[in-house]
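Trainee: Please find one structure pasted underneath; my questions will follow.
All of the numbers you see were taken from the coordinates with simple rules; none came from a lab. Just so we're clear, the structure is a prediction, and the values are computed from it rather than from any experiment. Cβ atoms come from the backbone with ideal geometry, glycine included; neighbour counts cover every protein chain shown.
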Amino acid sequence: MIEIARNSDGVRFYLLEHAFELDKLGIGEFTYFKKHLGMSDYMANFKSWLKRPTVYLVVAVLENSIVGWSMNESWSKPSTDGRPVFVLRAIEISPHLASKGLGRTLFTLISRILPGHIITKPVNANAKKFFLSLSFSLPARNCPVGLADHPGYLVLDEGAKSGLSVGKIHLDQDRTEQCRMKLFPGEYPASKGRSRSAIASGIKAEGMKKAAVAPENTTDGTVDTDHIICEDRSINEVPLVPDASTPVRQDSRGEFIGNQKMLSSCECGENMAGKFLQGGQKPGTAFICASCGRERYFLPLRKTA
């Protein structure tokens, strides 16, 4: 898990990478999705989503307990300008932390990590007002994201992200740049003046693995954004059922079974790799760089007589 930020109230924001990371965390009070969509086991849903390579789950943690979360997913259709597109599926904050600006902070942090454009589909007036306050807009005729067949969606153009702020929250730490570099190394602009290996080394020195970012809530106190439903579909099944525009892709990395320190470093400078058990026609163990995601080595499964 990657700690991407923390605020002066002790809330830490993480981007989660693996389901087992949730075993270290407790779950706070969440009721909206349980009451209205039958999501009875938040942890089970979180673990299921983390098995999908297209999902980015960001959580807010206070005293080792998740008090906010946001589920984001890669959009399968490319934009006309060649930039990636992500869907904000849902965002929620614990009721006792409502109206403190955590929702705006959470989304602002997410927008700094995910490259390209972000889309979402609010299903009520409060949700729509919240997202419009975050510079989302109705898709224009020349919108680079093709949403003609997806009525009701709002889009946040990549160029509008720079105007977002964390609002009421004072951040003691902001590591979104390092997190973005780790997740999307090809997106890091060379003009920044630091090499990818330097960023990777900085991440390693800080003890950053892959964690979660934070959740949820409000703007000016007039909008109830403690629980924002971003799409009109059921979220009650443990494996969240996606709409037709975003098919589930099989995780080519397989089942995570642990970490392995490699004898030589990757091109990015990282020595640690994750071990993933893969099936299919060529079963075996793939060793994936923990920093940049390159496959370092593949160990075929020996056939038994």
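Trainee: Please go through the residue pairs Lys34/Lys161; Lys24/Lys282; Lys35/Lys77; Lys100/Lys129; Lys129/Lys161 and name each one whose alpha carbons sit more than 24 Å apart in this structure.
Mentor: In this structure, Lys34/Lys161; Lys24/Lys282; Lys35/Lys77 lie more than 24 Å apart at Cα.
Trainee: So, one more: Can you tell me the length gained on complete extension of the stretch Lys261 to Leu132, counting 0.36 nm per residue apart and subtracting the Cα distance?
Mentor: Separation in residues times 0.36 nm, less the Cα-Cα distance, equals 41.9 nm.
Trainee: Please rank Ser8, Ser74, fewest neighbouring Cβ atoms within 10 Å first, as an exposure proxy.
Mentor: Ascending number of Cβ neighbours within 10 Å: Ser8, Ser74.
Trainee: Another question, if that's okay. If I take R0 = 51 Å and measure r between the Cβ atoms of Leu37 and Arg302 in this structure, what FRET efficiency does the formula 1/(1 + (r/R0)^6) give, to the nearest 0.05?
Mentor: Efficiency at R0 = 51 Å is approximately 0.65.
Trainee: Computed over the Cα atoms of segment 255-300, what is the convex hull's projected area averaged over all directions, in nm²?
Mentor: Quarter of the Cα hull surface area: 3.0 nm².
Trainee: Follow-up question, since we're still on this one. Starting from the Cα of Ala148, step 7 Å along the direction of its Cβ; do the same at Arg83; then give the gap between the two resulting points in nm.
Mentor: Taking the simple label geometry, Ala148 and Arg83 are separated by 2.1 nm.
Trainee: Between Lys24 and Lys51, 0.36 nm times their residue separation minus their Cα-Cα distance comes to what?
Mentor: Taking Lys24 through Lys51 to full extension adds about 8.0 nm, to one decimal.
Trainee: Separation between the Ala140 and Ser165 pseudo-spin-labels, each 7 Å from Cα along Cα→Cβ, expressed in nm?
Mentor: Those two pseudo-labels are separated by 2.4 nm.
Trainee: How would Asp149, Asp157 line up from fewest to most surrounding beta-carbon atoms within 10 angstrom?
Mentor: Asp149, Asp157
Trainee: Go ahead and run the numbers for FRET between Glu177 and Arg294, Cβ-Cβ distance against an R0 of 22 Å, rounding to 0.05.
Mentor: 0.60
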